[in-house]
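J.: My questions all concern the structure below.
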Amino acid sequence: MIVVKNITKTFGTRKAVDNVSFTVGEGENIVFLGTSGCGKTTLLKMINRLIDPDSGEIWINGHRIVDQRPEDLRKKIGYVFQNTGLFPHYTIEENIATVPRLLGWDKKKMAARVGQLMEKLNLPPDHYRSAYPHELSGGQQQRVGIARALAAYPPVLLMDEPFGALDPITRASVRKDFKELDELRSKTIVLVTHDVQEAFELADRIVLLDKGKIVQQGTPDELLFEPAGDYARNFFEDQRFQLEAGRIGATDYPALIRAFDHFRKRQH
Amino acid sequence: MDSSESLWQFMQQQSGKLLQQTVQHIGLTFISLLITVLIGLPLGIYITRHKAAARLVLGIAGVLQTIPSIALLGFMIPLLGIGPLPAITALFLYSLLPVIRNTFAGINGVDPGVKEAAVAMGMTPAQRLFRVDLVLAFPVIMAGIRTATVINVGVGTLAAYIAAGGLGEFIFGGIALNNTNMILAGAIPAALLAIVLDFLLSLLQHTGAARRRVVLTLLPLIIVGLSSFYVLPMRFGSRLLAGFTPEFMGRRDGDIGLQSVYGLHIRTVVISDAVMYKAIYKGKLDVISGYSTDGRLKAYDLVVLDDDKKIFPPYYAAPVIRRDVMQRYPELAPVLNKLAGQINDSVMTALNYRVEYLNQSPEQCAREFLVSRGLYQPARNGSKGIIRLGSKIFPEQYILTDIYASLIRGYTDLQVESKTGLGGTKICFEALVNHQIDCYPEYTGTALLAILHPPALESQQLAGNRDSVYNYVRRHFETIYDLEWLRPIGFNNAYALMMRRAEAQQLGIHTISDLAGYLKTDKR
């Protein structure tokens, strides 16, 4: 459980995050959604102290994060970067085993864990274990990045536009494998994206941000069907039909037609 | 001698010395490289984390590198004396910049995304440094170390000037002795050393990421290992220490003569004459090979040991001029000859003293001298032609050049262009023969032994006789090189062994034989 209370962060004169509070429940998948510059990445990075807030407090599982050594805190939080952030001088195995190694796991346990994750993420271990990141495709690299974040069984996973740098086809395939990971069921996940489709696909709850402030937070349905204002309404407008179709389920034809009518009316 | 002996033969003959100097040179290079890396690398890392200090540190290291290497060595003498310590310090300061700068640039150049990932994975600052930053910056840092190594090999040749050994001993000895083979015997190994080390380090620089960690562990060991090569040779275990110039070391009327004629075996270091006097004055040396008219003899209260077995031939100075110049300007020779017989040993010593110790300018000194002799005439500013006067790189030659320049300007319509500070006998002489200069003051003994190289028997017959040496070199210069010796100026700037007056008196040493005798009884 992550509790964020009245967080503010200013860069120069610009308020990147402005008095934001929210809670992420145990095992919940929360998505920060917004345009670039809305403060979503800054907010994410404050959870594992890559950035420290100017004011406000963050608690994880009942402990204030500033009361722990930042290194210890981070080892308990998985982190996935948009541009992979893989260590170019480490093999795939070494990359995935980064945190376990820092935690001093024994070699057998590490190797087994690496093998297990590679299997789950469709990276045949025999083939890729000793490869270097530059020998892999972008999609494969991102799979390694996800495996690295999960390696030491962190209860919390932070993901910064994890599929943002991939082409649409690769993105769909990596996202599919990611969603099917059994390990994610019990994890608290905070994901940052500007991709509305992705947010709706992955989120239990969406936090819509603009100019460092929360515009609206709620389930995807709440945001879609009960927008809290013009900004929220307009944000989904372009893709409303698709999104609504997705929410309803493509087999419920009457509902689909109603949604389409609804969409068409609003277009005019 | 040069023509009949090939470089290969020379190197074979001197292989022992060559090997020793090469090993010394490698040692000198790596011992200073070791210190450079030990200090430059942490400093480079430090300034990546304290950007405010970066400009200051890089600025200072940059300024250090702009100091000419000879000057840097010169600064070291008053602080650290002579020998390995100032040489290593100078090399270290010299190679600091590339190591600091490349460490700084290398670490700063690591992909910020990768750096952030290292933080996010929970690495401590030390883990980030050793597991990520240094490993990824390695190629850039290695490039800096390569540059530093090549600089060290090059500047290391200058170490011979301050008694720190290395391949410079051959190079500077060869320049002074007009011995091309000797120069090449030092210069070629030095160049090869630079190329080979650069190549080997480039292999390390381009090691793949996988083996880099192995290299990072082995490299310090290799550098430390090579540093241990640096052991200064001490030929004899005498208590007294002699400092001889590279030129003196290789001359028949130098160290070779001292050993064969006097049986003088003394612990010796090779040193430049520019710092030798100060070093003996400060007690770092006990015996030096000086020049008998040097002003510092007086300034530092040194005594000349009597050359009782006459191994040092006379060194009477006289202008040497190309014959075509004399024919073109017939008025020149009589003007230059106005100085003939005007300056005896004590006058020359006094003039040198004023320039070397009282820091008067050679020009002022020359003018005052001419005025006192009633020889001074204001410049006529004629435009008949230009005479290019050369001089070797020590004060006495500067003074003589200025005197001649003033005479030519005052008594003829010729203009004068001075090319002072030509490195040594070889450089001056080659410049004259190759029409780069028209005239320079040379010494009979030097001409005899460093340029003409007569057979040993012939030079023994000439031994010590002022006129026969003068006539011999005059005759041979005319027939071989088309060069004319004008009349001697008067003084005899001979080689001389010198000691501090107090020590010489205390040990009862007055002659070179005394010294040789003393050393025989005082072996450790």
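J.: Please compute the length gained on full extension between A:Lys213 and A:Glu57, using 0.36 nm multiplied by the number of residues separating them and subtracting their Cα-Cα distance.
T.: Here the answer is 54.5 nm.
J.: Hand me the GluC sites (Glu not before Pro) from segment A:164-235 located in a DSSP loop with no more than 15 other Cβ atoms within 10 Å, in residue order please.
T.: The qualifying sites are A:Glu180.
J.: Now, a different point. For chain B, what is the calculated [θ] at 222 nm in deg cm²/dmol (nearest 500), taking -39500 (n - 2.57) for each run of four or more DSSP H residues and dividing by its residue count?
T.: -18000 deg cm²/dmol
J.: Then there's this: For chain B, list log₁₀ I(q)/I(0) at each q in 0.06, 0.11 Å⁻¹, using the Debye formula over Cα point scatterers of equal strength and ignoring solvent, two decimals each.
T.: -0.36, -0.99
J.: Here is a follow-up. Largest first, please: the extent of the C-alpha atoms of segment B:358-397 along each principal axis, to the nearest Å.
T.: Result for segment B:358-397: principal-axis Cα extents of 36, 26, 14 Å.
J.: How large is log10 of I(q)/I(0) for the protein assembly as shown at q = 0.05, 0.11 Å⁻¹ when the intensity is taken from the Debye formula with one equal scatterer per alpha-carbon?
T.: -0.49, -1.16
J.: Given 10 °C and 1.306 mPa s, compute D for segment B:26-81 with the Stokes-Einstein relation, Rh being the Kirkwood radius over Cα pairs; round to the nearest whole µm²/s.
T.: The Stokes-Einstein estimate is 122 µm²/s.
J.: Gain in length, B:Asp514 to B:Arg49, computed as 0.36 nm per residue apart minus the alpha-carbon separation, to one decimal in nm?
T.: In short, 161.0 nm is gained.
J.: Further, regarding this structure: Relative to the longest principal axis of chain B, what angle (0 to 90°, nearest 10) does the C-alpha long axis of helix B:395-411 take?
T.: Here the helix axis deviates by roughly 50 degrees.
J.: While we're here: Go through A:Lys40/A:Lys109; A:Lys40/A:Lys187; B:Lys17/B:Lys419 and tell me which ones have a Cα-Cα distance over 28 Å in this structure.
T.: A:Lys40/A:Lys109; B:Lys17/B:Lys419
J.: If the viscosity is 1.306 mPa s and the temperature 10 °C, what Stokes-Einstein diffusion coefficient in µm²/s follows for segment A:109-181 when Rh is the Kirkwood radius over Cα pairs?
T.: D, rounded to a whole number, is 125 µm²/s.
J.: In whole Å, what are the Cα extents of segment B:288-410 along the three principal axes, biggest one first?
T.: 48, 31, 24
J.: Which semi-axis lengths, in whole Å and largest first, follow from the square roots of five times the eigenvalues of the Cα gyration tensor of segment B:9-130?
T.: Sorted largest first and rounded, they come to 37, 19, 11 Å.
J.: Can you give me the distance in nm between label points at B:Leu64 and B:Thr479, each placed 7 Å from the Cα along the Cα-to-Cβ direction?
T.: So the two model labels end up 5.8 nm from each other.
J.: While we're on this one: With N residues in segment B:239-333, what two-decimal value do you get for its Cα radius of gyration over 2.2 N^0.38 Å?
T.: Against the compact-globule rule of thumb, the ratio is 1.39.
J.: Divide the volume of the convex hull of the Cα atoms of chain A by its number of residues and quote the answer in cubic angstrom per residue.
T.: Cα convex hull per residue, to the nearest whole number: 142 Å³.
J.: Here is a follow-up. Please give the residues of segment B:155-196, grouped as numeric ranges, whose backbone N is less than 15 Å from a label point set 7 Å along the Cα-to-Cβ vector of B:Ile256.
T.: Counting only backbone N, you get B:170, B:173-183.
J.: On to the next question. If you average the sequence gap of Cα pairs under 8 Å that are 6 or more apart and divide by the length of chain B, what percent do you get for the contact order?
T.: 17
J.: As an exercise, take the mean of 1/r over every pair of distinct alpha carbons in segment B:7-227, invert it, and state the Kirkwood radius in angstroms.
T.: About 18.5 Å for segment B:7-227.
J.: Work out, in µm²/s and without decimals, the Stokes-Einstein translational diffusion coefficient of segment B:317-493 at 25 °C, 0.890 mPa s, Rh from Kirkwood over C-alpha pairs.
T.: Rounded, D is 149 µm²/s.
J.: Here is a further query. If you average 1/r over every pair of different alpha-carbon atoms in segment A:58-133 and take one over that average, what Kirkwood value in Å do you get?
T.: 14.0
J.: Are any of the pairs B:Lys284/B:Lys392; A:Lys176/A:Lys211; A:Lys76/B:Lys115; A:Lys45/A:Lys211; A:Lys5/A:Lys45; A:Lys5/A:Lys76 more than 23 Å apart by Cα-Cα distance, and if so, which?
T.: B:Lys284/B:Lys392; A:Lys176/A:Lys211
J.: Given a cut-off of 23 Å, what percent of all Cα-Cα pairs of segment B:209-367 lie beyond it?
T.: The answer is 59 percent, as a whole percent.
J.: Now for a different question. Could you work out how far the C-alpha centroid of segment B:23-92 sits from that of segment B:161-188, in angstrom?
T.: Spelled out, the Cα-based centre of one part sits 24 Å from the other.
J.: At a Förster radius of 60 Å, what calculated FRET efficiency corresponds to the Cβ-Cβ distance of B:Asn359 and B:Gln9, to the nearest 0.05?
T.: After rounding to 0.05, the efficiency reads 0.85.
J.: Efficiency by 1/(1 + (r/R0)^6): what FRET value for A:Glu135 and B:Ile393, r their Cβ-Cβ distance, R0 = 45 Å, to the nearest 0.05?
T.: Calculated transfer efficiency: 0.15.
J.: For A:Lys15, go through the aspartates and glutamates and keep the ones whose alpha-carbon is under 19 Å away, minus same-chain ones fewer than eight residues off.
T.: A:Asp52, A:Asp54, A:Glu57, A:Asp210
J.: Put a dot 7 Å past each Cα toward the Cβ at A:Ser186 and A:Asp67; how far apart are the dots in nm?
T.: So the label points at A:Asp67 and A:Ser186 sit 2.4 nm apart.
J.: Sticking with this one: Work out the length of the dipole vector of chain B about its Cα centre, built from +1 on the beta-carbon of each Lys and Arg and -1 on the beta-carbon of each Asp and Glu, and round it to the nearest 20 debye.
T.: 1440
J.: Using alpha carbons only, how many angstrom separate the centre of segment A:40-85 from the centre of segment A:136-199?
T.: Here the answer is 18 Å between Cα centres.
J.: For an R0 of 25 angstrom, estimate the FRET efficiency from the Cβ-Cβ distance between B:Thr207 and B:Asp111 and round to the nearest 0.05.
T.: Computed FRET efficiency for B:Thr207 and B:Asp111: 0.85.
J.: On full extension of the chain, what length is gained from B:Ala502 through B:Arg380, given 0.36 nm per residue of separation minus the C-alpha to C-alpha distance?
T.: 38.9 nm
J.: How large is the Kirkwood hydrodynamic radius of segment B:421-478, counting all unique pairs of alpha carbons, in Å?
T.: 12.1
J.: Please report Rg over Rh for segment B:175-303, where both radii come from the alpha carbon positions and Rh follows the Kirkwood definition.
T.: Radius of gyration relative to Kirkwood radius: 1.15.
Values in this text are rule-based calculations from the coordinates and carry no lab data. Because the structure is a prediction, the values reported are computed rather than measured. All Cβ positions, glycine included, derive from the backbone under ideal geometry; neighbour counts span all protein chains shown.
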